[in-house]
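Every number in this text was worked out from the coordinates using simple rules, so none of it is lab data. Just so we're clear, the structure is a prediction, and the values are computed from it rather than from any experiment.
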Amino acid sequence: MHIGNDHVSPDFYAWLFPKCDHVAVGMGTSAQNPISNTSTATKARANLKIEGGKVIKVEAHPMPQHPRPIRVRGQVTLVGDTAGYLTHCSGEGIYFAAKSGRLCVEAIVKATKGGENMISEDDLKREYLRK
């Protein structure tokens, strides 16, 4: 992991995760520093190690920096990254995805009373968002 390296990711971080048959390369950056600026530098830096390889998939996703103002609407609830639950300094969100997902499910189970009741937006706001 590289943090604050001007050639790789000057304002956030970059990573390289070896997988069983490929390597996942990623980087985070701000909207003021387009990803295309740092992806060229990352490719150049890793060129000898990735020579002969091919790009399997390219994707980009904005990461919310604060919890979304509306996380429950009707019977739809946002959890994890989509709800804005992540560590701002690293972008880590797995813990918060699992935790918020569990809290949401627990709220649904409690509100349905064993499948007897249909849940409402108020049930989810009261139980899920409170926790």
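What to note about this one:
- 29 Å Cα-Cα reach of Lys57 towards lysines, excluding residues that sit fewer than 8 places from it in its own chain: Lys19, Lys43, Lys49, Lys99
- Per-residue ³J(HN,Hα) for the stretch 66-77, Karplus 6.51 cos²θ - 1.76 cosθ + 1.60, θ = phi - 60°, Hz, x for Gly and Pro: 8, x, 4, x, 10, 10, 9, 9, x, 10, 10, 10
- Placed amide H near Gly84: partners under 5 Å, 5+ positions off or other chain: Arg68
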